[in-house]
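Readers should treat all values here as calculations from the given coordinates under stated rules, not as data from a laboratory. All values derive from a computational prediction rather than experimental measurement. Heads up, the Cβs are rebuilt from the backbone with ideal geometry, glycines too, and the neighbour counts pull from every protein chain shown.
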Amino acid sequence: MLKNLRRAVGAIPFMRNPALASRSYSVSVKQMMVREALNSALDEEMSADPTVFLMGEEVGEYQGAYKAGFTGLGVGAAYYGLKPVIEFMTFNFAMQGVDHIINSAAKTNYMSSGNINVPIVFRGPNGPAAGVGAQHSQCYASWYGAIPGLKVVSPYSSEDARGLLKAAIRDPDPVVFLENELLYGESFPVSKQVLDSDFTIPIGKAKIEKEGNDVSIVSFSRMVGFSLKAAEILAKDGIDAEVINLRSIRPLDRSTVNASVRKTNRLVTVEEGFPQHGVGAEICASVVSDSFGYLDAPVERIAGADVPMPYAANLEIIALPQVDDIVRAAKRACYRSVPLSATR
Amino acid sequence: MAHWFGRSRTITHFLKTKIISSSYRSLAGDGSGKACGIFREKSAVIPAFRRSESARAGDLVEAVTYSDDDDDENQGLEFPGGRVTFTPQMKFIAESTDNRVPCYRVLDNNGCPIPGSTFDQVDKETAVKMYRKMVTLQIMDTIFYEAQRQGRLSFYLTSTGEEAINIATAAALTPDDILFTQYREPGILLWRGFTLEEFANQCFGTKDGHGKGRQMPIHYGSKEHNFFTVSSPIATQLPQAAGAAYSLKMANKEACVVAFTGDGGTSEGDFHAGLNFAAVMEAPVMFICRNNGWAISTPISDQFRSDGVVVKGQAYGIRSIRVDGNDTLAVYSAVRAAREMVITEQKPMLVEFLTYRVGHHSTSDDSTKYRSSNEIEQWKTGRSPISRFRKWVERNGWWSDEEETELRKDARKQVLNAIQVADKTEKPSLEDLFTDVYDSPPSNLVEQEKSLRETIKRHHQDFPSDVPI
């Protein structure tokens, strides 16, 4: 980071990731990896605006694990007019700087009565990866999603990654950008529109990935992919599921979710994080409060197991939602299988 | 062991240095210098070993430096981080020295300049302004504190005993320098033109206050005065200051960032992060530590075991100085000099002001529970920075008893007036509950405000009368 910062003194955008050497997003390419989507978005935003800069653990040239330090630093730089993008190796490590995210970034515009705005982005992998154990696998969507003053987004596809990251960088408020390590290498089709350097996705709007009529499956990040697979399996059994990709955790797109439930009358929420006080709990509350009369079945919430993430591969699989879990939950919501409580 | 020497040179070197140092002990016993000669590849010179006269078996022998110039990897080595010279003496750096780092002071207890002292001359106008502000700060603190005791304010904390640090630092800076304070530095705002009315409005949370009623008292902030809003968590402002200084450096301004903390704040992780980053990034930030002896109830002996805070500078590669914080002229000169260095050299500085927290930590504290009233009294009357500076100013013929009486009377009147007015001023209106959470109001808050206003219309008689709509 030292070298990068020195170069930055000349006001040159200073992160050049070697991966960008292969700029494959020319006109004819239709597939893009999430990793490329993120890097291209960062590169374009830094080129367009010299106040945007990157800082973080092992950014650019493998330097340093000083999270509390650079989180505070980033906030200070934002106070004075720069637009930092702070990268955490994972959001688990961000816990060491969480006071700065909450008390220095999120609350500052309000507490300074609008005098100090903090146009900062905190990004990095969130949630489980593969075999990294309890201290590297927690999902922070619901923690950050509770904080007024923060915006929290979580992309699934490359289109999401590009559009939301650009929107986050351009946003004058602090944004927590929750990625997923296992999605980095996944490829998604991208249209010409997505490749445009001004392409952004509005923060606070969900996307209906697959329309359906029988049950609404709401999730974010990697679980969207699992939900889509579950929808394919359900289709064979004659259940037409609607799959919603939240894209934003805060603000939560309550209107899209509620509109969907009013159509299908059944709801399944899916997340990798811990079940209590999770994102699904908030969605459930919103739907019960606004669309109670439309529900034909209790809301099914699928979440990670209520245990610190185990390391052993077999245990890790059963600690996390799998496609089968989503299928079973959808069937329960459609009364195609016996509710869990009835089996005790 | 002989067969090991067939390996690569680096291993041989390693072995040489390892074995040689350990064989000093064995050689002391048998007196033969021959063992060392075997290890040397290049030269036939056998280093001479002298034993001191009173050497006993097992004593370290004095070694002569090697005469082979090529082999200077034996003198020192370029490790990651730079070249270091070796020493065969196993020596620990002591945890403390007998003599502590001396403290820079200009005026003695009677306000007379100490012969031979170096300091910046202060003209009459500046000196009188500093003195007036110090007294005003003291009076403001006293009266606001009393107001809290009377139940008119929820909270307050004073800077009593630290008026010199507050005002002289402010006087030594320029209006372009950016402040990241802890919370015991309102004198800086006072110097920069924040009015007593503004202080009162913030403390009372009125509609005229800068905070729109969002902050508890003493959490002042002013964009206009380059004073970042005070934030309660301790020491978080230190890495923020380094970040802001970094921004400032990119903007190439002839100004610096000044960040304050207390002795307690130096025990926070953010102190380490802030100073270390500032040093590495060569950020133009002056870190000021008000070492006032107490972190709420924690005395210095429970805070750290180092020689105060000044010695911590060197640990980060930061130039530092220890100053008598109750000596107005010393504070003024030191801050001016440090500021000059920060800006021209574009690197951080650490200034430790030694002082004493005369007041309680805050209105939520009663410090007589953990320290003697004698100690407090001794500092309050015997070592007051205000009295000391007053003597100097008076001796110069720039101040008189009459002006003193008038100043105190006026200041008291103004502060009381400001409080009275603020106490009666309207509180912020309903909309200030919802604004500034984000840059533009989110839909859920817009909805909630609308719904609230409708409810108020329907049940007007139930809505509290002191909340303007």
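Binning at 20 Å from 0, report for the stretch B:124-424 what percent of all alpha-carbon pair distances ends up in each bin.
Per 20 Å bin, starting at 0, the Cα pair percentages come out as 35, 60, 5.
In the stretch B:89-165, which chymotrypsin sites (Phe, Trp or Tyr not before Pro) fall in coil by DSSP and have 10 or fewer other Cβ atoms within 10 Å?
B:Phe92
Where in the stretch A:190-254 are there trypsin sites (Lys or Arg not before Pro) that are in a DSSP coil and have at most 13 other Cβ atoms within 10 angstrom of their Cβ?
The qualifying sites are A:Lys205.
With a/c under 1.5 counting as rounded, go ahead and sort the stretch A:95-166 into rounded, prolate or oblate using the C-alpha gyration tensor (a ≥ b ≥ c being the square roots of the eigenvalues; past the cut-off, prolate if a/b is larger than b/c, else oblate).
Oblate, because a/c is 1.5 or more while a/b does not exceed b/c.
If you average over every viewing direction, what projected area does the convex hull of the Cα atoms of the stretch B:104-185 give, in nm²?
7.2
For each of B:Trp398, B:Trp191, B:Trp379, count neighbouring Cβ atoms within 10 Å of the residue's Cβ, then give the residues from fewest to most.
The fewest-first ordering by Cβ neighbours comes to B:Trp398, B:Trp379, B:Trp191.
What does the charge count near A:Val279 come to, summing +1 for each Lys or Arg and -1 for each Asp or Glu among other residues with Cβ under 13 Å from its Cβ?
Around A:Val279, the charge tally is 0.
What is the distance in Å between the Cα centres of the stretch A:301-330 and the stretch B:382-401?
74
Provide the per-residue ³J(HN,Hα) series for the stretch B:144-151, in order, calculated from phi with Karplus coefficients 6.51, -1.76, 1.60 and θ = phi - 60°, each as a whole number of Hz, with x at glycine and proline positions.
Working through the residues one at a time gives 5, 4, 4, 4, 5, 4, 7, x Hz.
Reachable lysines from A:Lys331, Cα under 26 Å, same-chain residues fewer than 8 places away excluded?
A:Lys207, A:Lys210, A:Lys229, A:Lys236, A:Lys263
Work out the FRET efficiency for B:Asp423 and B:Thr142 from their Cβ-Cβ distance, taking R0 = 22 Å, and round it to the nearest 0.05.
It comes to 0.80.
Roughly how many nanometres apart are two label points built 7 Å out from the Cα toward the Cβ at B:Asp366 and B:Phe304?
Inter-label distance under the simple model: 3.2 nm.
Counting Lys +1, Arg +1, Asp -1, Glu -1, what net charge surrounds A:Ala146 among other residues with beta carbon under 9 Å of its beta carbon?
Summing Lys and Arg as +1 and Asp and Glu as -1 gives 0.
Going down the table (B:Lys133/B:Lys427; B:Lys133/B:Lys223; B:Lys207/B:Lys409; B:Lys133/B:Lys380; A:Lys166/A:Lys192; B:Lys223/B:Lys391), which pairs top 26 Å between alpha carbons?
Table pairs above 26 Å Cα-Cα are B:Lys133/B:Lys427; B:Lys207/B:Lys409; B:Lys223/B:Lys391.
For the stretch B:193-233, just the Cα atoms, rotate onto the principal axes and tell me the three extents in Å, largest first.
24, 21, 13
Quote the FRET efficiency, to the nearest 0.05, computed for B:Ile114 versus A:Tyr294 with a Förster distance R0 of 56 Å and r equal to the Cβ-Cβ distance.
0.10
Work through the residues other than B:Leu445 whose Cβ is under 11 Å from its Cβ and net out their charges, Lys, Arg +1 and Asp, Glu -1.
Charge balance near B:Leu445 sits at -3.
Bin width 10 Å, alpha-carbon pairs only: give the P(r) of the stretch A:120-210 as whole percents, running from 0 to the bin holding the largest distance.
Each 10 Å bin holds this share of Cα pairs: 15, 46, 32, 7, 0.
Could you give me the ³J(HN,Hα) list for the stretch B:427-433, computed from phi with Karplus coefficients 6.51, -1.76, 1.60 and θ = phi - 60°, whole Hz, x at Gly and Pro?
Residue by residue, the stretch B:427-433 yields 7, x, 7, 3, 5, 5, 5 Hz.
Restricted to Cα positions, what overall size does chain A have along the principal axes? Three whole-Å values, descending.
Largest to smallest, the principal-axis extents are 66, 48, 41 Å.
Go ahead and run the numbers for FRET between B:Leu416 and B:Leu452, Cβ-Cβ distance against an R0 of 35 Å, rounding to 0.05.
0.40
Take the alpha carbon gyration tensor of the stretch B:310-411, find the square roots of its eigenvalues, order them as a ≥ b ≥ c, and report rounded if a/c is under 1.5; if not, report prolate when a/b exceeds b/c, else oblate.
Oblate shape, in that a/c is at least 1.5 and b/c is the bigger or equal ratio.
What does the extension gain come out to for B:Lys409 and B:Asp176, with contour length at 0.36 nm per residue minus their alpha carbon separation?
80.6 nm
Only sites in a loop by DSSP and with at most 10 other Cβ atoms within 10 Å count here; which trypsin sites (Lys or Arg not before Pro) in the stretch B:259-356 make the cut?
B:Arg305
Would you please state the base-10 log of I(q)/I(0) at q = 0.06, 0.08, 0.11 1/Å for the protein assembly as shown, with intensities from the Debye formula using one equal scatterer on every alpha carbon?
After summing over all Cα pairs, the log10 values are -0.54, -0.86, -1.21.
Looking at the P(r) of the stretch A:183-336, how many percent of alpha-carbon pairs lie beyond 18 Å?
Everything past 18 Å amounts to 58 percent.
Which value, in debye to the nearest 20, describes the size of the charge dipole of the protein assembly as shown about its Cα centre when Lys and Arg Cβ atoms bear +1, Asp and Glu Cβ atoms bear -1, and nothing else is charged?
I would put it at about 580 debye.
I want to check the label-to-label distance for A:Gln276 and A:Ala312. Put each point 7 Å from Cα in the C-beta direction and report it in nm to one decimal.
Placing both labels 7 Å along Cα→Cβ, they lie 2.5 nm apart.
Between A:Lys263 and B:Phe463, what is the label-to-label distance in nm when each label sits 7 Å out along the Cα-to-Cβ direction?
3.9
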